Amino acid sequence: MRVLITAGPTREYLDDVRFITNASSGQMGYALALAAQAAGWDVVLVSGPVSLEPPRGVELHKVISALEMYETVMELVDGVQGVIGAAAVADYRPKFRHEGKIRRSADPLVVELVPNPDILAEVGRRKRADQWIVGFALEPSLADLEAPRRKLQTKNCDALCINPSSVLDEAWTEVYLMDRSGELRSRWKGPKLNVAAEIVGWIVENLARSNTA
């Protein structure tokens with residue numbers, strides 16, 4: 001089985017030296033790549049800028065911005081049987097990128113932001129009958145599950161891994177897995193390498209097997 005995994009943050013540049021990003025380290029996506037390899041899968045890793053060494057043997061595609069990640073994923077998605085969208089893609093980017101460096105002044109700096117393409121939604125729109133998709137959602141609280149349920153449906157995912165914002169840039173994580181029914185089916189907590197193995201194991205039992213039967 002050939003699987004595409006997205007990982008890490010994206011950088012949305014204001015000028016040649018400044019950018020908007022987030023605290024994602026890419027550890028979860030890289031852990032998933034290792035776990036997928038251990039399951040015997042052929043792994044395609046599309047990674048934003050991180051300070052991690054990719055697992056040996058993966059097909060690595062390095063990107064910087066959300067637009068670059070979108071274009072790369074769209075080029076690759078038709079050649080895989082599964083997609084795990086673990087990247088923390090910036091929702092917005094500056095409308096204009098200034099050449100050089102924006103000089104400091106006493107005046108306020110106003111930056112107009114425009115939406116980035118929704119990579120997971122487009123992958124879901126293009127999904128074939130023999131493909132599966134697992135997305136990730138960062139939620140501050142599980143008190144209200146309506147937002148992740150909407151994401152599950154609108155992005156046509158087969159499952160959604162929900163985690164709190166406190167796991168960003170940490171070696172550990174806490175993940176709640178929601179299946180297509182919109183119900184929470186599993187919870188894992190611990191080192192990201194261990195949780196990644198649990199997620200891949202769940203995919204093997206519930207998605208990959210049925211799609212290759």
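The values are calculated or read from the model by the stated rules, or taken from the named source; none is laboratory data. Nothing here was measured: the structure is a model prediction, and the numbers come from that model. Backbone-built Cβ (ideal geometry, glycine too); neighbour counts: all protein chains shown.
Key figures
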{"item": "Cβ pairs under 6 Å, 6+ apart, first in region 108-119 and touching a residue at least 12 places away in the same chain (Cβ under 8 Å) and under 24 Å from residue 87 (Cβ atoms), second surrounded by 10 or more Cβ atoms within 10 Å (Cβ to Cβ) and among the basic types (Lys, Arg)", "result": "116/93"}
{"item": "Filtered residues of region 185-213 (kept if among the hydrophobic types (A, V, I, L, M, F, W, C) and in contact (Cβ under 8 Å) with a residue 40 or more places away in the chain)", "result": "193, 195, 196, 197, 199, 200, 202, 203, 204, 207, 208"}
{"item": "Long-range neighbours under 8 Å by Cβ, at least six apart or interchain, first residue among the hydroxyl-bearing types (Ser, Thr, Tyr) within region 148-165, second assigned to a strand (DSSP E or B) and at pLDDT below 95", "result": "165/138"}
{"item": "Selection status of residue 84, β-branched (Val, Ile, Thr), buried (at least 16 other Cβ atoms within 10 Å of the Cβ) and either touching a residue at least 12 places away in the same chain (Cβ under 8 Å) or more than 23 Å from residue 167 (Cβ to Cβ) (or both)", "result": "yes"}
{"item": "Residue tally, condition surrounded by fewer than 23 Cβ atoms within 10 Å (Cβ to Cβ), within 30 Å of residue 100 (Cα to Cα) and at pLDDT 95 or above, over region 13-50", "result": "11"}
{"item": "Which listed residue is assigned to a strand (DSSP E or B), among the hydrophobic types (A, V, I, L, M, F, W, C) and either modelled with pLDDT of 95 or more or touching a Cys at 6+ places or on another chain (Cβ under 7 Å) (or both), from 177, 120, 152, 193", "result": "177"}
